[in-house]
1. Could you tell me whether V324 is open to solvent by less than 40 Å² (accessible area, probe 1.4 Å) and at pLDDT 95 or above?
2. Identify, from the list V261, V240, the residue that is open to solvent by less than 20 Å² (accessible area, probe 1.4 Å), under 29 Å from T62 (Cα atoms) and touching a helix residue (DSSP H, G or I) at 6+ places or on another chain (Cβ under 7 Å).
3. For L271, only one of the following conditions fails: (1) within 25 Å of G325 (Cα to Cα); (2) out of contact with any strand residue (DSSP E or B) (no Cβ under 8 Å at 6 or more places or on another chain). What is its number?
4. Does P186 satisfy the condition of being more than 30 Å from E49 (Cβ to Cβ), at pLDDT 95 or above and part of a loop (DSSP other than H, G, I, E, B)?
5. Touching a residue at least 40 places away in the same chain (Cβ under 8 Å), crowded, with 24+ Cβ neighbours inside 10 Å and in a helix (DSSP H, G or I): does that describe S285?
6. Does M247 satisfy the condition of being in a helix (DSSP H, G or I), touching a Ser or Thr at 6+ places or on another chain (Cβ under 7 Å) and among the aliphatic types (A, V, I, L, M)?
7. Can you tell me which residue within the stretch 214-241, out of those that are touching a Ser or Thr at 6+ places or on another chain (Cβ under 7 Å) and closer than 18 Å to Y305 by Cβ, is modelled with the lowest pLDDT?
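The values are calculated or read from the model by the stated rules, or taken from the named source; none is laboratory data. This is a predicted model, so every value here is computed, not measured. Virtual Cβ from ideal backbone geometry, glycine too; neighbours counted across all protein chains shown. Note: accessible area is taken over every heavy atom of the protein model, side chains too, but ligands, DNA and RNA are not part of it. Shrake-Rupley method; radii C 1.70, N 1.55, O 1.52, S 1.80 Å.
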Amino acid sequence: MSILRKLACGFFDYSTQPLIVNTIRTVVLHIPDQIGDAMATYPLIRSLEKQQVAHLIIIASTLNYHVFEALTLANTRLTVMTTSFQDVARYQEIKALAKQIRAEHGVPDLCIEAMRKKNLKTLLFVKTLRARTNLQAVGLEMRCFSRYCRVASRMDQKFRAPVPMTWSILMREAGFPVVNAGFELPIPVATSQEVESELNALGPYIALNLEGSVAERTFSPEAADQLLTLIQQVTRLPIVIVHSPKMSEQTKKRVAEWQNVYRLTLEPSILRTAAVVRNAFLTISPDTSIVHMASAYQVPVLAVYANFKTRWPPMQTLAETVVVGREISEFHAGEFSEKLQRLISRIPT
């Protein structure tokens, strides 16, 4: 640990109480991050639900709060608070949020820091909130974090285990009920119904995603058209393109120019995209939250990675991966077609 980091950790550290599971009533889960990061926290949520903690407060970002929109818990009160995505959040906003939680809900018995980031913003939230004890998996050795973090931190930092697995292990080590390690994204009934009513006439279809949150995970227009060509050479299944608002015009253009290619006429949203993925015969996507949605619903997926990340693999039985170098658009056409054919042949009909 660098001298600067040691000084920062010392400034933000404080003494906490031992973690005794049966005394935990109020828990704060801090995850103002990306969509996939939020979906990965469900092992934490399900373990707390199984423990029947009295109150769970989830701190979501303006980007990922939809992941918890349809969440309901048995025997546990749920509060979801929304704040700025942490990378752009101001320090004053972070402090104010922590103080608001203490003022409205008292001192939390436990804070689970799920950001998996060693930065000052994370430490500022933990120090200002001052929960009676804290859990994390990023490997910080501070007095305020419980000793039960060690195994999960090793899984995350050394072995780079899939994130849902790390969270499941963390809860087990801390003495909470054991739960399955997996992604989740509940969908409101109304959203499911509106998407199904629009797509039912297609029959089995392929959900295709062409974009990510960053340029490195977004196919170029030329690569996107090549993917459509390769897919249609392998199968006659309809293709439904899922997209964000920023890709609406490009998607509309492809739907107009390509045969058997479709999109929702409804406004794009995270939950509508999730409903499209859940009902798909299979999903094709770069390394984005769409892959995790397919994992959540056990939908077969062909995932294209620019540099494979062991923390974020497909987590369903039927999956294939194409791994390229730094440019995701430079995938090998023959490999893609071969793996798509193999995946389709493995899917029960």
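1. No: the conditions fail for V324.
2. Details: V261 fails: under 29 Å from T62 (Cα atoms).
After ruling out the rest, the residue left standing is V240.
3. (1)
4. Numbers: more than 30 Å from E49 (Cβ to Cβ): no; at pLDDT 95 or above: yes; part of a loop (DSSP other than H, G, I, E, B): yes.
For P186, the condition - more than 30 Å from E49 (Cβ to Cβ), at pLDDT 95 or above and part of a loop (DSSP other than H, G, I, E, B) - is not met.
5. no
6. no
7. R217
Here's the yes/no breakdown for (1) open to solvent by less than 10 Å² (accessible area, probe 1.4 Å); (2) under 21 Å from the mean Cα position of the chain (by Cα):
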site	(1), (2)
L97	no, no
T122	yes, yes
R147	no, no
G182	no, yes
G203	no, no
